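Below is one structure, written out as structure tokens, with a few remarks after it.
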Amino acid sequence: MTRACLPPRNQITPPTFTMPAGACDCHAHTFGPFDRYPLAEDRSYSPQEFDGAAFIGHLDELGFSRGVLVTGSACGTDNGSIIAAMRQYPDRLRGVVVSDADVSDAQLASWHADGVRGVRANLFKMDGKAVYRNGVGLDALQKLAPRIKALGWHAQIWVHAPDLIELDAPLRALGVPLVIDHMGRFSPSRGVTDPGFVHLCRMLAEGVAWTKISGADRNTLAGPPYADIDPFAQAVIAANPERVVWGADWPHINYYEMARVPDDGELVNLLARWMPDEALRNKVLVDNPARLYDFS
């Protein structure tokens with residue numbers, strides 16, 4: 001049995017800056033409807049139902065034009081929920097799927113037409129143990145790489161930054177763009193000089209990888225207003241602002257105390273603190289996502 005996740009907050013703090021046209025929330029999830037897209041029986045958490053219309057409501061509330069949906073681990077390899085959302089809102093949404101290596105070429109082509117532009121691998125471990133059940137590993141990604149390269153897709157890697165040093169060679173050998181989730185899901189206690197985090201910044205500087213400056217609420221030790229995350233976000237932006245995108249991680253699954261559920265407006269407003277320059281914010285919110293996710 002898994003615990004039932006709380007929903008996102010009903011009331012959020014308004015953004016403190018004007019959202020640019022074409023702004024994109026590059027990391028979110030949909031779940032269900034469960035009668036059509038049931039959760040995996042073996043899963044680490046139990047989210048509530050949130051469909052494409054609910055996600056569009058989240059985007060509209062914050063002033064975002066576009067969004068990227070990522071199949072959550074609780075769905076296993078059933079991507080039906082995010083595919084349905086993309087088909088409903090084809091101009092506004094793109095997606096990243098979880099796929100077994102034996103997926104057919106016809107299925108990949110169908111997903112591409114629906115707006116899929118990447119495959120996610122779950123390599124996230126702490127102390128050598130997997131944190132979340134489900135997902136696909138490096139072996140599946142290695143088999144998929146030539147086919148997703150032909151489609152122009154990227155590999156989204158859910159990984160702890162300290163493990164990037166050991167994984168560097170096999171990840172580069174995939175020959176596709178790499179997107180590192182949530183700035184490598186580091187702990188601020190390790191500091192910006194941690195070898196794994198430094199390695200992430202080096203991968204960005206070399207143009208080998210992208211990262212999402214998301215997950216402030218999950219990485220923090222201090223809690224809101226997430227000041228302990230500032231040096232990490234600023235470090236990856238400085239490493240290569242051309243390889244950075246942002247995501248809210250809505251609907252904030254795996255929270256079980258309402259006091260800990262993040263305020264999406266507060267998360268958005270971190271961008272003004274991390275990037276006071278409007279042109280730089282526009283690059284991260286509009287230009288970079290348009291390139292990475294193939295928005296016209």
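FYI, it's all coordinate maths here, none of it is from the lab. As the structure is a computational prediction, the values presented were derived from the model and not from experiment. Virtual Cβ from ideal backbone geometry, glycine too; neighbours counted across all protein chains shown.
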Which value, in debye to the nearest 20, gives the size of the charge dipole of the range 1-81 about its Cα centre, when Lys and Arg are +1 and Asp and Glu are -1 at the Cβ? 200
Spelling out what I want: for every residue of the range 66-83, take phi, set θ = phi - 60°, compute 6.51 cos²θ - 1.76 cosθ + 1.60 (Karplus), and round to whole Hz; glycine and proline get x. 9, x, 10, 9, 10, 4, x, 4, 5, 8, x, 9, 8, 9, x, 5, 6, 5
Estimate the FRET efficiency between residue 109 and residue 18 by the formula 1/(1 + (r/R0)^6), using the beta-carbon distance for r and 41 Å for R0, to the nearest 0.05. 0.60
Computed FRET efficiency, Cβ-Cβ of residue 172 and residue 46, R0 41 Å: what is it to the nearest 0.05? 0.65
Relative contact order (%) - the range 24-292, alpha-carbon pairs under 8 angstrom, separation at least six: 17
Computed ³J(HN,Hα) along the range 280-294: with the Karplus parameters 6.51/-1.76/1.60, θ = phi - 60°, integer Hz and x for glycine or proline, the list is 5, 4, 5, 4, 6, 8, 10, 5, 5, x, 4, 6, 5, 9, 6
Compute the whole-percent fraction of alpha carbon pairs in the range 1-132 spaced more than 21 Å apart. 46
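Which FRET efficiency value, to the nearest 0.05, is calculated for residue 192 and residue 259 with the Förster distance at 30 angstrom and r the Cβ-Cβ distance? Walk me through the numbers before you get to the answer.
Numbers: r = 28 Å, r/R0 = 0.94.
Taking R0 as 30 Å, the efficiency between residue 192 and residue 259 is 0.60.
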Amide H partners (placed H, <5 Å) of residue 179, local residues excluded: 155, 156, 157, 210
Result: in the range 24-292 the number of Lys pairs with C-alpha under 29 Å apart, spaced 8 or more or on different chains, is 9
To the nearest µm²/s, what D does Stokes-Einstein give for the chain at 10 °C and 1.306 mPa s, using the Kirkwood radius over alpha carbon pairs as Rh? 84
Please work out the Cα convex hull volume for the range 153-235 and give it in Å³ per residue. 79
Could you let me know the centre-to-centre spacing of the range 230-296 and the range 157-186, using Cα atoms, in angstrom? 19
With the crude spin-label approximation of a point 7 Å out along Cα→Cβ, what separation in nm comes out for residue 34 versus residue 4? 0.8
Treating only the Cβ of Lys, Arg, Asp and Glu as charged (+1, +1, -1, -1), what charge dipole size does the chain show about its Cα centre? Round to the nearest 20 debye. 380
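Counting only helical runs of four or more DSSP H residues, what would the 222 nm mean residue ellipticity of the chain come to if each run contributes -39,500 (n - 2.57) and the total is spread over all its residues? Present the calculation step by step, with values, prior to reporting the outcome.
Details: 11 runs with 100 residues, N = 296.
Helix contribution divided over all residues of the chain: -9500 deg cm²/dmol.
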Which parts of the range 279-293 would a label at residue 234 reach, counting a residue when its backbone N lies under 18 Å from a point 7 Å out along Cα-to-Cβ? 279-281
